[in-house]
């Protein structure tokens, strides 16, 4: 049974708490599919851990009152600087999970980004909410598929297109290999027992077959044939000419998701891109890629305020959001956190996750002495190892850490 709102609020007091409950209630292979990363999962873990490398330097005697979290993004006023990023097969956690999550995002006054691999069609999701939606697209070998998705999203009223660029081939996700959660699935007694252990989930999902709705055709309907088809579409030859081609098709804001190098951020502007998402695909593609928060300062410097910079990867606390904005991000995208809420309570569970971030951010701003999210910049941070020096009176902003992040991505 799903957790009721009261229990969600009592037991799901943080993203970590919701994750722990979801781990107990989901089949191991489903939990690992959502939670896992590539190979040794160094980047997945580093995305979260790297936020601790910087400490806040609060100024509480400034006093606060409103503590405004709202932001303006592509002409839309959002109530908080947290958007829901694209996650494939969200409907595996809750029937029509994408609809539930989009409605929760709309109620919270923020954006939901639909994954190409959603379990509901592009058009159905657009009809389910009146709030603006974004759509994630891939660049495929068959450019006709890419064009079709962009045109369908445009016709359905999606406001922005997010081109994910770090999926040239599939990353090696070893938890899935170990669990037999592959195409075709490897069914064993262990996997059968795994599903039986999560009987409430199994009963709930029995009424909602899992599929990739946007790819369904007369010859491709089941998840196995769809998975094989989509994997075969990935294109490692993706380049700037392809970006230009898609930019020419899409009327409206277009973002690149998967930018870690400042030079790519500069080139994105030259190619007419309206925003970049600093992301390593949640550590699910290239393991040992730079943690997103470590890449952010150099990318923000390269962009220099000309287009919005968003951060994706490892965001689990409101303090993470505030640190990202201090380094130049406009907002953060979350993926896994909203999936844990979705698995436990559908729309109410996602609403709880967004409320956790809202409360967290408000508390950080109050304790820091910052009266709005637009009041934070690099001066509010010190590198973790410099915190003791700050107590001795060295309150210089954190340029050393910024230089280190720049050197790690070979900034010019």
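Looking at (1) within 20 Å of the chain's Cα centre (by Cα); (2) surrounded by fewer than 18 Cβ atoms within 10 Å (Cβ to Cβ); (3) at pLDDT below 95, find the lone condition where residue 66 falls short.
(1)
Residues that are without any contact (Cβ under 8 Å) to a residue 40 or more places away in the chain, surrounded by fewer than 20 Cβ atoms within 10 Å (Cβ to Cβ) and more than 16 Å from the chain's Cα centre (by Cα): which helices (runs of 4 or more DSSP H) entirely in segment 1-52 hold 1 or more of them? Before you say what the answer is, go through the steps one by one.
On the way: elements: 5-11, 15-25, 28-35, 42-49.
Per the criteria, 5-11, 15-25.
So if I check each of 85, 91, 109, which one is within 30 Å of residue 129 (Cβ to Cβ) and at pLDDT below 95?
91
Sort out for me the helices (runs of 4 or more DSSP H) sitting completely within segment 74-185 that have 2 or more residues that are within 20 Å of residue 208 (Cβ to Cβ).
Values: elements: 97-108, 122-128, 143-156, 174-179.
It comes to 97-108, 122-128.
Sort through 388, 377, 312 and tell me the only one that's at pLDDT 95 or above and surrounded by fewer than 23 Cβ atoms within 10 Å (Cβ to Cβ). First the steps, then the outcome.
Numbers: 388 fails: at pLDDT 95 or above; 312 fails: surrounded by fewer than 23 Cβ atoms within 10 Å (Cβ to Cβ).
Of 388, 377, 312, the one residue that is at pLDDT 95 or above and surrounded by fewer than 23 Cβ atoms within 10 Å (Cβ to Cβ) is 377.
Those residues that are in contact with a strand residue (DSSP E or B) (Cβ under 9 Å, 6 or more places away or on another chain) and either surrounded by fewer than 23 Cβ atoms within 10 Å (Cβ to Cβ) or modelled with pLDDT under 95 (or both), I need them from segment 336-363; list them, please.
Within segment 336-363, just 358 meets the criteria.
Within segment 349-370, is there a residue that is closer than 15 Å to residue 59 by Cα and part of a strand (DSSP E or B)?
Scanning segment 349-370 turns up no residue that is closer than 15 Å to residue 59 by Cα and part of a strand (DSSP E or B).
Could you list all residues from segment 206-231 that are in contact with a helix residue (DSSP H, G or I) (Cβ under 7 Å, 6 or more places away or on another chain) and in a helix (DSSP H, G or I)?
214, 215, 226, 229, 230
Sort through 224, 192 and tell me the only one that's within 30 Å of residue 286 (Cα to Cα) and either touching a strand residue (DSSP E or B) at 6+ places or on another chain (Cβ under 6 Å) or loosely packed, with under 14 Cβ neighbours inside 10 Å (or both).
That would be 224, the only listed residue that is within 30 Å of residue 286 (Cα to Cα) and either touching a strand residue (DSSP E or B) at 6+ places or on another chain (Cβ under 6 Å) or loosely packed, with under 14 Cβ neighbours inside 10 Å (or both).
Restricting attention to segment 104-119, report how many residues are crowded, with 22+ Cβ neighbours inside 10 Å and over 17 Å from the mean Cα position of the chain (by Cα).
Result for segment 104-119: 1.
Please verify whether residue 89 is out of contact with any strand residue (DSSP E or B) (no Cβ under 8 Å at 6 or more places or on another chain) and on the phi > 0 side of the Ramachandran plot, treating the condition exactly as stated.
Taking the combined requirement at face value, the residue satisfies it.
The values are calculated or read from the model by the stated rules, or taken from the named source; none is laboratory data. In this text, all values refer to a predicted model and were calculated from it rather than measured experimentally. Positions of Cβ are generated from backbone atoms using ideal geometry, with glycine treated the same way; all protein chains shown enter the neighbour counts.
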